[in-house]
């Protein structure tokens, strides 16, 4: 079958026959930077026409769900805001459940993280100290304008007792220029400086996948995740108990597969190739 790079085991094929919900990564699967991957819009339209539901998941916390809808729209890929789930949204759910609404937080991130936290009613502080003591948590998301001053205050807050929470651990981000430093690079810096490992909310943890499945009203047995990262998307799928489909349009390459400790159920060249597999 064109575009299919591995022969799924019979149990995997049986699982795929039951799939009615897809969790689709964005960066490296739907687009690269601001360039859409050919055939994706038609594939998502086909999913809707066959009654299959989907959520577009992204570990990239820089934009809000509404901004991702606008970005996709500019690429000719129409989706609704309810069909996009960001790591910022998943992190906000975790923080609300752990610390309650109105908690004081220190946030490293861009609009997508800051707006979500403010919308949830959290109070954002820029300094690590004050009359009220350290913030309840330091939340670290991808930030292309990261400064030493921000890292300094985050380090001091964590050392003073603030929880260390990360939207996602991605070391690299696929762009038209190539792979650029991701949020994981900042996390490594802070962990080295504090000796504290972050609580990770996005992939490869299963938290965001569980939120997405709850949105779709789907069980793990009828869900598959499609992603380009072996140690993010595919590992998260294993942890959540869903079928895993690797697409070779982003971070992972064919060469990575041989040495990878986590193997996907299916490997395809690009997202539209999945249609042929699901139809078969």
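The values are calculated or read from the model by the stated rules, or taken from the named source; none is laboratory data. Everything numeric here is computed off the predicted structure, so don't read it as measured data. Neighbour counts are summed over all protein chains in view; Cβ atoms, including those assigned to glycine, are modelled from backbone coordinates with ideal geometry.
Based on this model, can you work out whether residue 182 counts as modelled with pLDDT under 95 and surrounded by 17 or more Cβ atoms within 10 Å (Cβ to Cβ)? It is true that residue 182 is modelled with pLDDT under 95 and surrounded by 17 or more Cβ atoms within 10 Å (Cβ to Cβ). So, residue 79, is that one touching a helix residue (DSSP H, G or I) at 6+ places or on another chain (Cβ under 9 Å), over 21 Å from residue 168 (Cα atoms) and either modelled with pLDDT of 95 or more or crowded, with 21+ Cβ neighbours inside 10 Å (or both) or not? Yes. State whether the residues of the stretch 109-120 include one that is under 30 Å from residue 37 (Cβ atoms) and exposed (fewer than 15 other Cβ atoms within 10 Å of the Cβ). Checking the stretch 109-120: at least one residue is under 30 Å from residue 37 (Cβ atoms) and exposed (fewer than 15 other Cβ atoms within 10 Å of the Cβ). Taking the criterion of being buried (at least 21 other Cβ atoms within 10 Å of the Cβ) and part of a helix (DSSP H, G or I), the residues of the stretch 191-210 that qualify are 208, 209.
Among the residues of the stretch 83-95, is any farther than 24 Å from residue 234 by Cβ, in a helix (DSSP H, G or I), touching a strand residue (DSSP E or B) at 6+ places or on another chain (Cβ under 8 Å) and not assigned by TED's automatic domain parsing to the domain that holds residue 216? Yes: the stretch 83-95 contains one or more residues that are farther than 24 Å from residue 234 by Cβ, in a helix (DSSP H, G or I), touching a strand residue (DSSP E or B) at 6+ places or on another chain (Cβ under 8 Å) and not assigned by TED's automatic domain parsing to the domain that holds residue 216. Checked against the criterion of being modelled with pLDDT of 95 or more and either under 20 Å from the mean Cα position of the chain (by Cα) or within 30 Å of residue 45 (Cα to Cα) (or both), the candidates 177, 110 yield just one match: 110. Taken together, the criteria place residue 73 among residues that are surrounded by fewer than 16 Cβ atoms within 10 Å (Cβ to Cβ) and either without any contact (Cβ under 8 Å) to a residue 60 or more places away in the chain or touching a strand residue (DSSP E or B) at 6+ places or on another chain (Cβ under 7 Å) (or both). With respect to residue 235, is the statement that it is closer than 24 Å to residue 213 by Cβ and touching a helix residue (DSSP H, G or I) at 6+ places or on another chain (Cβ under 8 Å) true? Taking the combined requirement at face value, the residue does not satisfy it.
Checking 246, 277 one by one, the residue that is within 19 Å of residue 44 (Cβ to Cβ), touching a residue at least 60 places away in the same chain (Cβ under 8 Å) and surrounded by 16 or more Cβ atoms within 10 Å (Cβ to Cβ) is 277 and no other.
Picking from residues in the stretch 99-118 that are assigned to a helix (DSSP H, G or I) and in contact (Cβ under 8 Å) with a residue 12 or more places away in the chain, the one that is nearest to residue 190 (Cα to Cα) is 113.
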